[in-house]
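> There's a structure below that I have some questions on.
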Amino acid sequence: MLGNHVRESIIQARAELYAKTEWAEYHSHLKHRVHAKDLHKYFLLTESEEIGIKETIRLNVSASPYYLKLSDPFDPHCPIRRMIVPDSHETVLSPEESPDPLHEERLSPVKGLTHMYPNRVLLFSNHSCTVYCRHCMRGRKVSANDERMEEADLIQAFAYIKDHPEIEDVVISGGDPLNLPDSRIEWILAELNAIPHVRLCRLGTRNPVTLPFRITKSLLTILEKYNDDSLSIFCNTQFNHPKECTQEAKEGILRLLKVGISVGNQAVLLKGINDDKETMLQLHKKLLEMRVRAYYLYDPELIPGSRGFRTPLGKGIQIIEYMRGKIGGMGIPHFVNDLPAGGGKITLSPNWYLGYNPKTRQHAFRSALTGKVHYSFEPESSESFTYPILGENVWDQLE
């Protein structure tokens, strides 16, 4: 009886939350975000989740009513729930983990700016998000008040960009830049648009997933204004599970596309959430239906308390191998590892290429479609290349 009473209470609390939220108004969702102290009202918490909420060593808890509604209050294995609610894994710091595994702070010449690659920089526009995803790799900055980017900090960042003509591409991240007011977003885009050598701007935002109502007419007007011959603006978001591919999300994406903002997806491979071949395939099929192109599939970073999300490296390679031949190429992400200590991104893929046989001047490949070996001839060339050599014994045994 007590169990039924608790369940009814949770269902009622959710209904009341949704009723008081003006559903199509993003400000209302931000106003009524659910925080750690109130999670027990909306979920039948496990002991592990109660420990995680009390002792998390990472970042704050927050979820919009919209995103909360996608979660299951009674299933602790719900993929959306696991991205909202901390659990006991999050309270443990493993020896290999670091708050800043990519050394972004070491590569930061001024506050809020990381200059890892020669021709592009990462600009941290703010510290706030609609949902504080439990797998967030920037927990050291996100939700931390001392990481707030004031106007003076942004002016200093713009000055650095202006003084470095090699910078062509600026990624605006955070936090979530779309959690900023329209006026601040317009100011940032106007500043970048006015720098002659900055030609590309990429908005890194999860709001199309967690709060698609943020894609408002006024925001679109701003994006369209500065997406011109001087500056090309792109949007990269993060759908991690098919449950996130809602009609509201699709409508938000279509609004971006209609003002010329192309959208790419950067999923994160997460244990127990999407580390399943068919789940990842269905996610990317849904994304193509939403006109979102696959970009990256990230191997999780070695951040504090992340052991509950990390998968073996081979899992990502297996998933990419499974997807090839079952979906168009624009729906298959690059599986990437952002190397620790500031080494940058590298792509990882199945080994379709078997090697080269100098005697026959042929390359051997394993087909992703048929599983059979196929051959291709090497043309004559004055250039010299090094290939893995397949000896005669191996060559003769290929099937």
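Every number here is computed from the coordinates shown, using simple stated rules; none is lab data. Predicted, not measured: the structure shown is a model, and the values here were computed from it. With ideal geometry, Cβ positions are generated from the backbone for all residues, glycine too; neighbour counts draw on all protein chains shown.
> So which aspartates and glutamates can residue 141 reach, going by Cα to Cα under 12 Å and dropping same-chain residues fewer than 8 places off?
Of all the aspartates and glutamates, those that pass the test against residue 141 - Cα under 12 Å, at least 8 places apart if same chain - are 100, 104, 105, 176.
> Divide, for region 179-273, the radius of gyration over alpha carbons by 2.2 N^0.38 Å, where N is the residue count.
Here the answer is 1.13, to two decimals.
> Select from 379, 306, 288 the residue farthest towards the positive end of the dipole of region 273-399; place +1 on Cβ of Lys and Arg, -1 on Cβ of Asp and Glu, and compute about the Cα centre.
With unit charges placed on the Cβ atoms, the residue in question is 288.
> Counting pairs of alpha carbon atoms under 8 Å apart in space and at least six apart in sequence, what relative contact order in percent does the chain give?
Result for the chain is 13 percent.
> Return the Cα extents of region 277-341 along principal axes one, two and three, sorted largest first, each rounded to a whole Å.
35, 20, 20
> List the extent of the Cα atoms of region 1-94 along each of their three principal axes, largest first, rounded to whole Å.
On the principal axes, region 1-94 reaches 42, 37, 21 Å in Cα extent.
> Once you put a point 7 Å from the Cα of residue 163 and another 7 Å from the Cα of residue 183, both along the Cβ direction, what distance in nm separates them?
Inter-label distance under the simple model: 2.9 nm.
> Give me the Å³ per residue figure for the convex hull around the C-alpha atoms of region 62-137.
So the per-residue hull volume is 133 Å³.
> Where does region 29-181 land on Rg/Rh, using Cα atoms and the Kirkwood Rh?
1.03
> Another question about this same structure. Over what distance in Å are the Cα centres of region 3-53 and region 81-131 separated?
Centre-to-centre (Cα) distance: 27 Å.
> Mind checking Rg over Rh on region 353-397, alpha carbons, Kirkwood formula for Rh?
0.99
> Between residue 46 and residue 278, what length in nm is gained on full extension when 0.36 nm per residue of separation is reduced by their alpha carbon distance?
Working: separation 232, 0.36 × 232 = 83.52 nm, distance 2.76 nm.
Contour length minus Cα-Cα distance gives 80.8 nm.
> Still on this structure, please answer the following. So for region 221-328, what are the equivalent ellipsoid semi-axes in whole Å, largest first, each being the square root of 5 times an eigenvalue of the Cα gyration tensor?
Output for region 221-328: semi-axes of 28, 16, 13 Å.
> Would you mind computing, in nm to one decimal, how far apart the modelled labels at residue 385 and residue 155 are, each placed 7 Å from Cα along Cα→Cβ?
5.4 nm
> Given labels modelled 7 Å from the Cα in the Cβ direction, how far is it in nm from residue 351 to residue 57?
3.6 nm
> Among (i) 23.3, 82; (ii) 21.4, 80; (iii) 20.3, 65, which is the computed Rg and Dmax of the Cα atoms in Å?
This structure yields the entry labelled (i).
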